[in-house]
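First comes the structure, then the notes that go with it.
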Amino acid sequence: MGMAVTGMDAGATLAVVVLLAALVGAVYLVIGRRGRRGIATPEQRATYDVLHRAGLAADPLRSGLDATTAAKAVHHLHALVGSVALGLANAEELLVLEGPGGHHREQVEAAARKVAGSRRTAILRSRDLPCDEVDCPIRGAVVAPLSGDTTAVGALVALTNSDPAPGLVQATLETARFVATQLALAELDTSRARLARAEVRALRAQISPHFVYNALTAIASFVRTDPERARELILEFAEFTRYSFRAHGEFTTLAEELRSIDRYLTIERARFGERLQVRLQIAPEVLPVGLPFLCLQPLVENAVRHGLSRKPGLGTVAIVAHDAGAECVITIEDDGVGMDPAVLTLPGDDSTDAGQHVGLANVDERLRAAFGDSFGLVVETALGQGTKVSVRVPKFRPEIRARVEQRRMDT
């Protein structure tokens, strides 16, 4: 026999069904609300899109303004301005134009040159852009200068299908300011690179005369008494100078810097004999760390030349590099005559200690320029107490690693 359902049972069943439906609806409502909270509003989407576009345009512009970088940036800038067509020009010519209006090129170039020269925005209307094409969509333009501190490096040109509206004018001006800022940062990066190269050249000029004279004197002393030793020292000297005067790259690895220092110390030990002792303690895992070219060599030369050469008897230089988590810590310490800490806070002159200070200041500035102000030198010294110089560098910086690899490819 089948099971019968009474009226009361049916009502209870219906109530349960209604309750379950209500619960399911409530669950979907809660889930829907939670989901909506995770979705950006139209205003948030618009803000994100603008920032994203600006970031994509900034990357090529940070390399300067030329035909290649302009072509990479113009599409993203076009989306920011929202004009019919958009062009980027330097002070002489139109580098790129995205959108219709290529037959107006000469007119646009002339306007861009004028705006770049005067650093004043120009509003062009249909009478300023005469055209024989009946269906030409271009009826106006906004030409805004890409202004620096004293000159304009070019112009941003927004072409439109009507007289330029105030909104387009404002969008073009703000975008031009953004482009000019990126180009100014690119010029700053270039200036820093030039300064870094100049500092390296100055450091070479400071180090090389002293070392070259002493090295050749030491080698000469072995020519008759030990020709084979003289030959080995000449090869070491040749490799040292080849590294020190290389033309490519502002960065190197700790391993390469230490190889050059080893050659330097080999020649200095030939000169000082048993008076010069060297202690090395290098963790293998930090050997690939990237650091500014010739940033350790002057510290070791200071230790030998200023710390130990004036000390009677034996002297020791200790070079230690160890892993410190995200950083590599390098110390160069000597037990020589030390120096007055006040010298480190005074402008350099022609004295020997001041010359040492100049070398330390050069290295300190280059480290800070490469890694930030928290990565300068730390110097511990006192008269008669030796000198210890500590260097901290990040173990991995992608941009520096890339420059080291590029330098290897170029050599």
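The values are calculated or read from the model by the stated rules, or taken from the named source; none is laboratory data. Because the structure is predicted, anything quoted here is derived from the model rather than measured. Cβ: placed from backbone, ideal geometry, glycine included. Neighbour counts: every protein chain shown. Keep in mind that these areas ignore ligands, DNA and RNA; they rest on the heavy atoms of the full protein, side chains included. Shrake-Rupley method; radii C 1.70, N 1.55, O 1.52, S 1.80 Å.
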Quick one: is Thr266 β-branched (Val, Ile, Thr), farther than 26 Å from Phe396 by Cβ, part of a helix (DSSP H, G or I) and open to solvent by 10 Å² or more (accessible area, probe 1.4 Å)?
-> yes
Just one of the numbered conditions (1) within 16 Å of Val74 (Cα to Cα); (2) under 26 Å from the mean Cα position of the chain (by Cα) is not true of Val143; which one?
-> (2)
Determine if segment 128-141 includes at least one residue that is assigned to a helix (DSSP H, G or I) and open to solvent by 50 Å² or more (accessible area, probe 1.4 Å).
-> yes
What are the residues in segment 274-301 that are open to solvent by 50 Å² or more (accessible area, probe 1.4 Å), farther than 14 Å from Thr253 by Cβ and not hydrophobic (A, V, I, L, M, F, W, C), if any?
-> Glu274, Arg275, Gln277, Arg279, Gln281
Kindly indicate the residue of segment 214-250 that is assigned to a loop (DSSP other than H, G, I, E, B) and of a type in the set (A, V, I, L, M) and also modelled with the lowest pLDDT among those meeting that condition.
-> Ala247
Name the pairs: first residue in segment 376-397 and among the aliphatic types (A, V, I, L, M) and in a loop (DSSP other than H, G, I, E, B), second residue open to solvent by less than 30 Å² (accessible area, probe 1.4 Å) and modelled with pLDDT of 90 or more, Cβ to Cβ under 6 Å, at least 6 apart or on different chains?
-> Leu377/Val389
Hey, Ala144 open to solvent by less than 20 Å² (accessible area, probe 1.4 Å), in a helix (DSSP H, G or I) and in contact with a strand residue (DSSP E or B) (Cβ under 9 Å, 6 or more places away or on another chain) or not | no
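Residues to consider are Ser390, Ser374; find the one that is closer than 24 Å to Gly290 by Cα, at pLDDT 80 or above and open to solvent by 60 Å² or more (accessible area, probe 1.4 Å).
Ser374
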Sort out which residues of segment 45-98 are part of a strand (DSSP E or B), within 20 Å of Val153 (Cα to Cα) and in contact (Cβ under 8 Å) with a residue 60 or more places away in the chain, and write them in order of number.
-> Leu86, Gly87, Leu88, Ala89, Asn90, Leu94, Leu97
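Within segment 34-48, can one find any residue that is touching a helix residue (DSSP H, G or I) at 6+ places or on another chain (Cβ under 8 Å), modelled with pLDDT under 90 and within 18 Å of Leu95 (Cβ to Cβ)?
Scanning segment 34-48, I find no residue that is touching a helix residue (DSSP H, G or I) at 6+ places or on another chain (Cβ under 8 Å), modelled with pLDDT under 90 and within 18 Å of Leu95 (Cβ to Cβ), so the answer is no.
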Residues located in segment 115-144, provided they are charged (D, E, K, R) and without any contact (Cβ under 8 Å) to a residue 12 or more places away in the chain = Arg127, Asp132, Asp135
When restricted to Ile261, Ile219, the only residue more than 30 Å from Arg403 (Cβ to Cβ), in contact (Cβ under 8 Å) with a residue 12 or more places away in the chain and among the aliphatic types (A, V, I, L, M) is Ile219
Criterion violated by Ala15 - all others in (1) open to solvent by less than 70 Å² (accessible area, probe 1.4 Å); (2) at pLDDT 90 or above satisfied | (2)
